[in-house]
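The values are calculated or read from the model by the stated rules, or taken from the named source; none is laboratory data. Not measured: the values here are computed from a predicted model. Because the Cβ atoms are built from the backbone with ideal geometry, glycine has one as well, and the counts that use them run over all protein chains shown. The accessibility values were calculated without ligands, DNA or RNA, using every heavy atom of the protein model including side chains. Shrake-Rupley method; radii C 1.70, N 1.55, O 1.52, S 1.80 Å.
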Amino acid sequence: MNSSWNRFIYKLWSPVYDVFFNKGPFLKARKELFSSLPFSKGDRVLFVGVGTGADLKQISLSELNVTAIDFSREMLEKSKEKADGEKVVFLVMDAQELSFPDESFDWVIGSLILSVVPDGEKAFKEMARVVEKGGGIVIFDKFTPSGKDLSLLKKLIRPLIRLLGTDIGISFEKIISSSESRVRIKEDRGILLKGMYRKIVLERADGGKI
Ligand SMILES: C[S@@+](CC[C@H](N)C(=O)[O-])C[C@H]1O[C@@H](n2cnc3c(N)ncnc32)[C@H](O)[C@@H]1O
């Protein structure tokens, strides 16, 4: 993946993104994802690559301290509309280089972002860095099944899908390999399209909040 291309392609996606990724099965998966998360009043929550803000509709913005970052101004503008006047901090920022101090958030949410950024490992390391000890990292994304190769069809269409702004050939196990000592997987299960999309909940290993 390539940052300049991402910026261009997500500008194009911004007016129509919700029609595809915030309706039907995607909306159902998002509802399921957030319904089980034990947020506490006042928790500091960071959305990494918030996009059009589809996830913002699934939480109580008035009870949480929410920060949302994205690389694309156009996607972020759409996201602002979803905040319905609630106080949310929106920032243009690169997920691979977050400009927050260590341990700034109780929760870090990464929906459909690790398969989009050029360097998922780097972005995940940043998520693990800015989350509080004992805090939670929540990932909703599509990954290759653990220990399995991509099917021939997926190998063939992968370059085309990358042009659309995402990668179907990313391994989550590889992404977390260099951060494994910092995080512990609490839940990892298929949530959409026969397990292609997974809900993964992790905690900073040096704590015990979730
Ligand atoms: C597939 S969308 C996901 C949006 C949203 N999280 C969701 O669940 O619908 C990917 C988002 O990542 C953003 N993005 C791409 N590269 C990025 C980067 N390096 N840093 C931050 N955001 C990035 C895009 O602008 C886009 O809004």
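Structural remarks
- Backbone N within the range 132-168 under 15 Å of label point (7 Å from Lys174 Cα along the Cβ vector): 142-151, 155-156, 158-159, 162, 167-168
- Tensor-based shape of the chain (alpha-carbon gyration tensor, a/c under 1.5 rounded, otherwise prolate or oblate): rounded
- Most mobile listed residue (Leu114, Leu160, Leu46) in the chain, GNM with C-alpha springs under 10 Å: Leu160
- The chymotrypsin sites (Phe, Trp or Tyr not before Pro) of the range 143-210 include none that meets both criteria, a DSSP state outside H, G, I, E and B (loop) and at most 13 other C-beta atoms within 10 angstrom of the site's C-beta.
- Shape of the range 72-173, Cα gyration tensor, a/c cut at 1.5: oblate
- Restricting the range 14-52 to trypsin sites (Lys or Arg not before Pro) that sit in a DSSP loop and have at most 12 other Cβ atoms within 10 Å of their own Cβ leaves Lys23, Lys41.
- Using a probe of 1.4 angstrom and keeping all protein chains present, the accessible surface of the chain works out to 48 square angstrom per residue.
- Label-point separation, Ser104 to Ala205 (7 Å along Cα→Cβ), nm: 2.5
- Shape class for the range 1-120: oblate, because the ratio a/c of the largest to smallest gyration tensor axis (alpha-carbon atoms, square roots of eigenvalues) is 1.5 or more and b/c is at least a/b.
- Taking amide H atoms as placed 1.01 Å from N in the peptide plane, the amide H of Ile191 lies under 5 Å from those of Tyr197, Arg198, Lys199, each 5 or more residues away in sequence or on another chain.
- For the chain, the dipole from Cβ point charges (+1 on Lys and Arg, -1 on Asp and Glu) about the Cα centre works out to 700 debye, to the nearest 20.
- The chain: calculated mean residue ellipticity at 222 nm from DSSP helix runs of at least 4, using -39500 (n - 2.57): -9000 deg cm²/dmol
- The modelled label-to-label distance for the pair Glu63/Leu12, using points 7 Å beyond Cα in the direction of Cβ, is 4.1 nm.
- Whole-Å distance, taken between Cα centres, linking the range 43-85 and the range 1-34: 13
- Rounded to 5, the percent of DSSP beta bridges in the range 3-204 classed as antiparallel: 45
- Sparse-neighbourhood loop sites, trypsin sites (Lys or Arg not before Pro) in the range 137-166 - DSSP loop, at most 12 other Cβ within 10 angstrom: Lys148
- Positive-end extreme of charge dipole, the range 3-204 - chosen from Trp107, Ile185, Asn22 (charges on Cβ): Asn22
- Working note: Karplus 6.51/-1.76/1.60 with θ = phi - 60° gives the range 89-105 the couplings 8, 9, 9, 7, 7, 8, 4, 7, 8, 6, 9, 10, x, 3, 6, 8, 10 Hz, where Gly and Pro are set to x.
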